[in-house]
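Report on the structure given below.
The values are calculated or read from the model by the stated rules, or taken from the named source; none is laboratory data. Predicted model only: the values in this text are computed from it and were never measured. Every residue, glycine as well, gets a Cβ built from its backbone with ideal geometry; the counts of neighbours run over all protein chains shown.
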Amino acid sequence: MGDMIINHVAVFVCAVLNLALGALWYSPALFYRAWLRETGIQEESLKNVNPVKLYGLTFLLALIISYNLAFFLGDAKTDWSWGLTAGFLAGFGWAAMIFTIIALFERRSLRYILINGGYMVVYFSLTGFILGLWR
């Protein structure tokens, strides 16, 4: 572990990225309407959410995700290319696949799986890229 490099600022930025990317991904410009249809969530129910609790917990969980990936990419030889590749593999091969398995048992639609699984792949890929680049 002597050559382990963890850039704590980069990890923090990656956790913030989770919120920013989610705001874009699930916005009306991209997948908001389709996501509402596929989840069955009513727009009115979204107004009853405690935003401090929701976004605070989301940020905390994203921080854990980011640190976890940072430890996997902590080798001194990691660069942006390996970070992007490892992030993609973690997002697609682990996160999106286990999400898909759960969604299949929940009888969710392919559209639901692609919207949420796609978010996971893009988020993990960008996180890996940032962690690999920002050493």
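Test SER125 against the stated conditions and say whether it is of a type in the set (S, T, N, Q), modelled with pLDDT of 95 or more, more than 21 Å from ILE41 (Cβ to Cβ) and exposed (fewer than 13 other Cβ atoms within 10 Å of the Cβ). I'd like the intermediate steps shown before the answer.
Working: of a type in the set (S, T, N, Q): yes; modelled with pLDDT of 95 or more: yes; more than 21 Å from ILE41 (Cβ to Cβ): yes; exposed (fewer than 13 other Cβ atoms within 10 Å of the Cβ): no.
The answer is no for SER125.
Please find, among LEU30, LEU54, the residue that is in a loop (DSSP other than H, G, I, E, B) and within 26 Å of ALA10 (Cβ to Cβ). Before the answer, list the steps.
Numbers: LEU54 fails: in a loop (DSSP other than H, G, I, E, B).
Among LEU30, LEU54, only LEU30 is in a loop (DSSP other than H, G, I, E, B) and within 26 Å of ALA10 (Cβ to Cβ).
Based on what the data block shows, is ARG135 of a type in the set (Lys, Arg), in a helix (DSSP H, G or I) and either surrounded by 13 or more Cβ atoms within 10 Å (Cβ to Cβ) or touching a Phe, Trp or Tyr at 6+ places or on another chain (Cβ under 6 Å) (or both)?
no
For the subset of region 1-39 comprising residues that are surrounded by 13 or more Cβ atoms within 10 Å (Cβ to Cβ) and touching an Asp or Glu at 6+ places or on another chain (Cβ under 8 Å), which member is farthest from ILE113 (Cα to Cα)?
ILE5
Considering region 48-76 alone, what residues qualify as being farther than 21 Å from LEU21 by Cα and either of a type in the set (Ser, Thr, Tyr) or in contact (Cβ under 8 Å) with a residue 12 or more places away in the chain (or both)? Walk me through it before giving the result.
Going through region 48-76, the residues farther than 21 Å from LEU21 by Cα turn out to be 48, 71-76.
Result: PHE71, PHE72, LEU73, GLY74, ASP75, ALA76.
For residues that are surrounded by 16 or more Cβ atoms within 10 Å (Cβ to Cβ) and among the β-branched types (Val, Ile, Thr), scanning just region 86-121, find the one that is nearest to LEU63 (Cα to Cα).
Result: VAL121.
Scan region 93-113 and give yes if some residue there is touching a residue at least 40 places away in the same chain (Cβ under 8 Å) and assigned to a helix (DSSP H, G or I), otherwise no. First the steps, then the outcome.
First, the residues of region 93-113 that are touching a residue at least 40 places away in the same chain (Cβ under 8 Å): 108-109, 111-112.
Within this subset, residues satisfying the condition of being assigned to a helix (DSSP H, G or I) are 111-112.
Scanning region 93-113 turns up at least one residue that is touching a residue at least 40 places away in the same chain (Cβ under 8 Å) and assigned to a helix (DSSP H, G or I).
Matching residues to (1) surrounded by 15 or more Cβ atoms within 10 Å (Cβ to Cβ); (2) farther than 22 Å from TRP134 by Cβ; (3) in contact with a strand residue (DSSP E or B) (Cβ under 8 Å, 6 or more places away or on another chain); (4) at pLDDT below 95:
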residue	(1), (2), (3), (4)
ILE41	no, yes, no, yes
ASN50	no, yes, no, yes
ILE65	yes, no, no, no
PHE71	no, no, no, no
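Quick one: is TYR55 touching a Phe, Trp or Tyr at 6+ places or on another chain (Cβ under 6 Å) and surrounded by 12 or more Cβ atoms within 10 Å (Cβ to Cβ)?
no
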